[in-house]
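J.: Structure below; questions to follow.
Derivation of every value follows stated rules applied to the coordinates shown; laboratory data play no part. Just so we're clear, the structure is a prediction, and the values are computed from it rather than from any experiment. All Cβ positions, even for glycine, are placed from backbone atoms using ideal geometry, and neighbour counts span all protein chains on display.
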Amino acid sequence: MTTLLRTAIDAKRDDLVALTCDLIRIPTLNPPGENYRDICEYLDKRLSAHGFETRLIRAFGTPGDSDKYPRWNIVARREGRAPGDCVHFNSHTDVVEVGRGWTVDPFGAVEQDGKIYGRGACDMKGGLAASIIAVEAFIESHGDFTGAIEISGTADEESGGYGGVAYLAEQGYFNPERVQHVIIPEPLNKDRICLGHRGGWWAEIETKGEIAHGSMPFLGDCAVRHMGAVIGAFEDKLFPAMAARHTDMPVVPEGARQSTMNINSIHGGQPEQAEDFTGLPAHCVPDSCRIVIDRRFLVEEPLEQVRDEVTALLEELKASRADFDYELTELNSVLPSMTDRDAPIVQTVARAIEDVMGKTPEYVASPGTYDQKHIDRIGRLKNCIAYGPGILELAHKPDEYVGIDDMMDSAQVMGRTLVTLLTEQG
Ligand SMILES: [Zn+2]
């Protein structure tokens, strides 16, 4: 009976291309969060016509939400003939800035050599389109299914997901009583299943000094030299300690299969002048130096430990270094999330990949976070993966594209997953 599904998806190739192009042509840039209402209305029209009950939900009061840039989301649900499990496909509708280096119109949705180009093509309008085609073909070929299917299009994933999935989770949309299986069609390659992601901890560290004339630095206290000591301590102690830790998380690429830390920015002393300023700097000992750190951590590391490790190094300096003083301001934190390999959604999608592509899937975890964190922590729904077409490395790059064959294959995988979970053939 899955031949019916296969044929139904094969017949929708042109539809899939047209849908992907339409989605790319709505420039949902974030920041600031443009055209969210437009893309929700587009999806509303499409899904309502296929028997879905839809709700447009604005995440009032979340970061960035304003009358000029409202955070709109859509949740569409279609019930089967009898109660049963609900399978939910969640895609973010926002895309990141265009950046330089494009050779095609980033919102033109140019189709060439079996690929569709555009900002968001792979991350993740191609995945959204593939899931819609999979669901529509499934409904056509298995109209007597049980349970329910949901499709959501959500805002702000690229800026933390607070006006999107986090908001919906707070409203109960990811309550495990209501939804049992979640697939997020992020571009993780069509033969890989992404089980989760590392955590993140972001903080600003300021070292303090005392301003004085630059010709007599001994009369002041140089905050930049104090920051040098902080970075020195990171180099000597923190980086080697992080590199020595091992994880069971199958993070890709390999280099991210450990704790990492990026020093995001550094600034000390006088503010930098505009590029066209031709004057010379005044001679001052800097009384402040600031860095922002971006620490990514593993399921094996509790957030407390991540935080304490940095604070302990700063306290050590305070005890050993003359006049050392600092302030640490936490900016944000996200806990890691990992779905069990034995979880039903993992097993089902794995079998579907084997059936469609004749190969065993690779299990991976993402170096950066995505909306799974909110479904896990706020929704308390653990049966969630990322699976979708597109090459991860193309995300956020110029000339981003998604392969049409890849979308077709992953639509077959998503469709088969529905057959297994929502019909007796499964
Ligand atoms: Zn994405």
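J.: Determine ³J(HN,Hα), in whole Hz, for all residues of segment 151-157 in sequence, where each value follows from phi through the Karplus function 6.51 cos²θ - 1.76 cosθ + 1.60 and θ = phi - 60°; x replaces Gly and Pro.
T.: Running phi through 6.51 cos²θ - 1.76 cosθ + 1.60 with θ = phi - 60° gives 10, 10, x, 10, 8, 6, 4 Hz.
J.: State the volume of the convex hull built on the alpha-carbon positions of the chain, expressed per residue in Å³ and rounded to an integer.
T.: Cα-based convex hull of the chain, divided per residue, equals 155 Å³.
J.: Oh, and also: List the extent of the Cα atoms of segment 203-271 along each of their three principal axes, largest first, rounded to whole Å.
T.: Sorted largest first, the three principal extents are 53, 23, 16 Å.
J.: Would you please give the residues with an amide H less than 5 Å from that of Val110, counting only those at least 5 places away or on a separate chain, with H modeled from the backbone geometry?
T.: It is Tyr117, by chain and number.
J.: Could I ask something else about it? If you find the alpha carbon centre of segment 352-398 and of segment 59-78, how far apart are they in angstrom?
T.: 24
J.: Something else: At what distance in nm do the modelled label points of Glu53 and Thr7 sit from each other, each positioned 7 Å from its Cα along Cα→Cβ?
T.: 3.3
J.: While we're on this one: Obtain the radius of gyration and the Kirkwood radius of segment 1-154 from its C-alpha atoms and give Rg over Rh.
T.: That ratio equals 1.00.
J.: Spelling out what I want: for every residue of segment 110-127, take phi, set θ = phi - 60°, compute 6.51 cos²θ - 1.76 cosθ + 1.60 (Karplus), and round to whole Hz; glycine and proline get x.
T.: 6, 9, 8, 6, x, 10, 10, 9, x, 5, x, 4, 8, 10, 9, 6, x, x
J.: Sticking with this one: Considering segment 194-326, what Rg and Dmax in Å follow from its alpha-carbon atoms?
T.: That works out to 18.1, 57 Å for Rg and Dmax.
J.: Tell me, what are the semi-axes, in whole angstrom and largest first, of the equivalent ellipsoid of segment 240-297 as set by the roots of 5 times the Cα gyration tensor eigenvalues?
T.: After scaling each eigenvalue by five and taking roots: 39, 13, 7 Å.
J.: In addition: In this model, which of Lys237/Lys373; Lys12/Lys190; Lys68/Lys125; Lys68/Lys397; Lys12/Lys45 are farther than 20 Å apart at the alpha-carbon?
T.: Result: Lys237/Lys373; Lys68/Lys125; Lys68/Lys397 exceed 20 Å.
J.: Now, a different point. Add +1 for every Lys or Arg and -1 for every Asp or Glu among the other residues with Cβ under 11 Å from the Cβ of Tyr387, and state the total.
T.: Net local charge, Tyr387 excluded: 0.
J.: Still on this structure, I have one more. Dividing the alpha-carbon Rg of segment 270-426 by 2.2 N^0.38 Å yields what?
T.: Against the compact-globule rule of thumb, the ratio is 1.62.
J.: Please give the length that would be gained between Lys45 and Thr360 if that part of the chain were fully extended, namely 0.36 nm times their separation in residues minus their C-alpha to C-alpha distance (nm, one decimal).
T.: Additional length available on full extension: 109.7 nm.
J.: Obtain the radius of gyration and the Kirkwood radius of segment 320-407 from its C-alpha atoms and give Rg over Rh.
T.: With Rh from the inverse mean 1/r over Cα pairs, Rg/Rh is 1.17.
J.: Looking at the chain, identify the longest residue range that excludes and avoids all GluC sites (Glu not before Pro) in DSSP loops having at most 10 other Cβ atoms within 10 Å.
T.: Longest gap between qualifying sites, sites excluded: 1-176.
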